[in-house]
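Reading through the structure tokens given below for one structure.
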Amino acid sequence: MSQSFFTEKDFHFYLYFKVELGDEVVKETYLKLQYRDAGSLIQKYSEQPISETDDAPEKVKKLFLQLQEIPDWFDENSTNVGARFCMRTGANGLMILRDFTLMGGYDFAYISKPLIFTGALKKGAVKRLKDTLEFWVNVTRENALKPNSEAYQWIVRTRLMHSYARLKIKEKTENWDDENWGEPINHWDMIATYTGFSLVFMQGLKKLGILISEEEENGVFHLWKYIGYLLGIPVAFLPDNRQQAVEQFYWWTTLQDKGDEDSVQLAKALLNENLENTIYTHAFQRKILKNLHQSMNWFLLDEKINERLQIPKPAKAFLIFPKIVLKGNQISQKIYLRNATKYQKLVEMGDEQQRKVLVDYIKHTPKDFHY
């Protein structure tokens, strides 16, 4: 692949693409059958292999046969290196995903529009965070991405959820701005999103003092290249390395506008999630947590972004929190990055931290609606 692998024509096509196999599957299932029947059909072929002789709708069969086939470029070892890195980041990784990747992403006005038009803002940030966390934890574990595995099933559900939302937005929304926003949940925005899980994720971790080896960096890019491929993103446009990711992310930002009123509302909902979530019993605990996350926002994000998103600057007592985290990481890595045995211990501790947070979110998230 050449050093520069995007052209203006490519940008335009993936912003306005019209056909995605996941969309065709949704048309054959969720838009034709009862929701429960469609869900059972998808679950069946997510949990077990499909064959050419199975009596399944044509597009369903085509999708699952495609997903079952492991591409020649897939490197399981490199993927596991990336997964182990994601695991060893522990609570640091979750803070970066929330306070840097997600919150910072709201400053790009157009990519957030589907959240507004699908009513995700009304459903609440607790549910949205739980879903994102559950997806991320499942797909970033070592040896997780096997056909019919739990991670595989999460990827299938997410791909079809994107398609369902895309089709419903186009069906029900009269004032969708195609010219500026492109198709809802278009491939170009999806590429940027999953670059956020790799390039932006690692950049945020570096701000917290996390050391990243070249092998780990390449592993993270390969991990998300495969996840992106399974989600239906054209593989030729998924970055292999930092140079390609920086290039494509830069060009994508030229198609975006700065944060607007919708962005402010999404940022406010994310901050208020700390107050709404019942993981902590007492109101004062929730207020402290909100201030801690705001301190991370102000440490990780540019001042102008914080101002555009109207993120309040916390009291000085809380502004020291990111510096404490950074110092703790520097000390911890001197201990645990000495050899392979200690590294593995850090991976195990980080995995336990992330799973504990996920269990808390699953326990305290409303279960009264589906997409």
Within a Cβ distance under 14 Å of Met349, other residues only, what is the Lys/Arg minus Asp/Glu net charge?
+3
Could you grab the relative contact order for the stretch 87-242? Cα pairs under 8 Å, six or more apart, rounded to a whole percent.
28
Label-point separation in nm, Asn143 to Ile212, each point 7 Å along Cα→Cβ
2.7
Honestly the stretch 237-371 on the Cα gyration tensor test (a ≥ b ≥ c root eigenvalues; a/c under 1.5 rounded, otherwise a/b vs b/c for prolate or oblate) is just rounded
Packing-based exposure ordering (other Cβ within 10 Å, fewest first) of Ser213, Ser112, Ser149, Ser46:
Ser213, Ser149, Ser46, Ser112
What FRET efficiency, computed as 1/(1 + (r/R0)^6) with R0 = 30 Å and r the Cβ-Cβ distance, is obtained for Ile335 and Lys287, rounded to the nearest 0.05?
0.35
Using Cα pairs under 8 angstrom and six or more residues apart, how large is the relative contact order of the chain, in percent?
27
Residue-averaged 222 nm ellipticity for the chain, from DSSP H runs of 4+ at -39500 (n - 2.57), nearest 500
-20000 deg cm²/dmol
Determine the equivalent ellipsoid of the stretch 183-223 by diagonalising the alpha-carbon gyration tensor, then write out the semi-axes as square roots of 5 times the eigenvalues, largest first, rounded to whole Å.
24, 12, 4
Given a Förster distance of 45 Å, report the FRET efficiency between Ala236 and Ala317 from their Cβ-Cβ distance, rounded to the nearest 0.05.
0.35
Using the basic label-point model (7 angstrom from Cα toward the beta carbon), what is the Gln48 to Glu150 distance in nanometres?
2.1
At R0 = 30 Å, how high is the FRET efficiency between Lys62 and Asn180 if r is their beta carbon distance? Nearest 0.05 is fine.
0.35
Take the alpha carbon gyration tensor of the stretch 23-115, find the square roots of its eigenvalues, order them as a ≥ b ≥ c, and report rounded if a/c is under 1.5; if not, report prolate when a/b exceeds b/c, else oblate.
oblate
Label Leu326 and Lys363 with points 7 Å out from Cα along Cα→Cβ: what is the distance between them in nm?
3.4
By how many nm would the segment from Lys27 to Asp72 grow when fully extended, if each residue of separation counts as 0.36 nm and the alpha-carbon distance is taken off?
13.2 nm
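The numbers here are math on the coordinates, done by the rules we state, and not lab data. Since the model is a prediction, treat every value here as computed from it, not as a measurement. We place every Cβ from the backbone using ideal geometry, glycine too, and count neighbours over all the protein chains shown.
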